[in-house]
Amino acid sequence: MALDDKAFIQYSRQIMLPEVGEQGQQKLMQASVAIVGVGGLGQLCAQYLSAAGVGRLTLIDDDRVELSNLPRQMLFGQADCGQYKASVAAGRLKTGDCQVREKRVRLDDSNAQALLFNADLVLDCSDNFATRHSVNRACVALKKRHVVASAAQFSGQLMAFDLNEAPQLGCYHCLFPQELKVSESCSTIGVLGPMVGCMASMQSLLAIKLLLGLPGLGLLNRFDGLTGEMQRLKLRRDPDCAVCSAKETAVEVAQETASGDKNE
Amino acid sequence: MNEISISLNGQLIQVPVSTSLEAMLEAQAVALDSIALVRGGEVVPKSTWSEVECQADDVIEIFGVVAGG
């Protein structure tokens with residue numbers, strides 16, 4: 001199927017890149033991406049991916065827009081306060097070629113696999129460690145490619161996992177086991193809009209590269225927004241990882257542990 | 001006792017030969033339950049810290065998870 005004239009003009013600056021071309025643009029248009037969290041990271045990734053011509057987006061978030069979100073979540077305005085983020089975002093982005101579905105639910109172990117089942121690629125744009133582990137467990141179980149970004153204060157982290165293409169990199173749990181203590185999130189400590197925007201932009205770029213089949217796996221990128229330094233570190237699988245290393249029983253145990261934590 | 005010199009987050013420190021990563025971190029009063037560790041630019045999975053020994057001139061960095069978004 002060839003691109004029509006309008007699509008060819010609309011996406012011409014992308015198609016011009018030898019790494020994209022008409023074939024790459026078609027790959028994007030056929031792709032389905034799930035975005036977990038439509039906050040600072042997710043609302044920008046959703047804009048970039050829909051504008052790039054990605055065929056289908058699923059936006060998953062049960063939060064509503066708050067006044068304090070606006071400095072970094074520029075898809076939303078004051079009039080949207082109190083509305084579901086997934087709905088406002090879907091409404092704004094649906095006007096283009098992209099099919100946008102909204103899921104006004106909180107992703108957890110009980111619904112993650114159903115929510116992510118149809119995605120070619122999953123973007124973890126969530127704002128807390130528990131959700132990040134639920135996303136990871138589902139991506140491991142479903143063998144989904146998975147791009148993770150995060151930001152707090154002046155620190156950002158970006159990485160991608162793919163157990164099919166690169167099992168030696170392991171999963172999110174290999175790097176940050178769920179027992180790890182985490183003190184911060186954007187709601188409890190400060191962050192600047194562009195800091196989250198930097199990470200969301202890099203996450204969107206990495207997502208598009210993976211959809212095109214370009215290299216992008218293998219590294220944990222750590223960005224320091226104060227010094228402008230970017231560190232590129234090699235990921236490595238934990239042979240004893242409770243989530244990705246072993247048998248299904250290990251995944252189940254990890255899931256039980258996680259749901260146990262939640263009930264405490 | 002023989003000691004070797006390693007770099008931990010940019011600071012040079014001395015540790016006895018055959019010190020595990022875990023023992024080194026404990027000696028530096030680092031909270032093991034809140035960090036990831038990179039040696040020579042590569043992640044060292046936490047489950048192996050008690051077995052992997054520090055080597056002379058290791059460049060080790062530790063950092064916490066960033067979970068916000």
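Computed from the coordinates by the stated procedures, all read-outs in this text should not be read as laboratory data. Note that the coordinates shown come from a computational prediction; the quantities given were computed from them, not determined experimentally. So basically every Cβ, Gly included, is an ideal-geometry build from the backbone, and we count neighbours across all protein chains shown.
Could you tell me what percent of the DSSP beta bridges with both partners in the stretch B:3-63 are antiparallel, to the nearest 5? Walk me through the numbers before you get to the answer.
On the way: 13 of 15 bridges.
The antiparallel proportion sits near 85 percent.
Could you give the semi-axes, largest first, of the ellipsoid that matches the stretch B:3-63, computed as the square roots of 5 times the alpha carbon gyration tensor eigenvalues and rounded to whole Å? Walk me through the numbers before you get to the answer.
On the way: eigenvalues 47, 30, 26 Å².
Ellipsoid semi-axes (Å, largest first): 15, 12, 11.
Averaged across the residues of A:230-242, what count of C-beta atoms belonging to other chains lies within 10 Å of each residue's C-beta? Please list the in-between numbers first.
Details: counts 0, 4, 1, 9, 5, 4, 6, 2, 6, 3, 4, 3, 1.
Taking the mean over all residues of the peptide, I get 4.
Counting helices only, and only those DSSP H runs with n ≥ 4, report the 222 nm mean residue ellipticity of the protein assembly as shown as the sum of -39,500 (n - 2.57) divided by its residues, in deg cm²/dmol to the nearest 500. List each step's numbers first, then the result.
Working: 11 runs with 107 residues, N = 333.
Mean residue ellipticity at 222 nm (helix-derived): -9500 deg cm²/dmol.
Taking each full run of DSSP H in chain A as one helix, which ones are at least 18 Å long along their axis (Cα atoms) and have mean Kyte-Doolittle hydropathy of at least -0.5?
A:129-142, A:193-212
Where both partners of a DSSP beta bridge lie in chain A, what percent of those bridges are antiparallel, to the nearest 5? Don't skip to the answer; put the middle values down first.
Working: 17 of 36 bridges.
So the antiparallel bridges amount to about 45 percent of the total.
Across peptide B:30-36, how many C-beta atoms of other chains are within 10 Å of each residue C-beta, on average? Working shown, then result.
Values: counts 0, 1, 2, 4, 5, 3, 8.
For peptide B:30-36, the averaged partner shielding equals 3.
Given N residues in chain A, what is Rg(Cα) / (2.2 N^0.38 Å)?
That works out to 0.98 for chain A.
Within chain B, report the GluC sites (Glu not before Pro) that DSSP leaves as loop and that have at most 16 other Cβ atoms within 10 Å.
Details: sites: B:GLU3, B:GLU22, B:GLU26, B:GLU42, B:GLU51, B:GLU53, B:GLU61; in loops: B:GLU51.
Hits after loop and neighbour filter: B:GLU51.
Ignore the peptide's own chain and count Cβ atoms of other chains within 10 Å of each Cβ in B:59-66; give me the average, rounded. The partial results should precede the final answer.
Details: counts 0, 0, 3, 0, 6, 9, 15, 17.
That average works out to 6.
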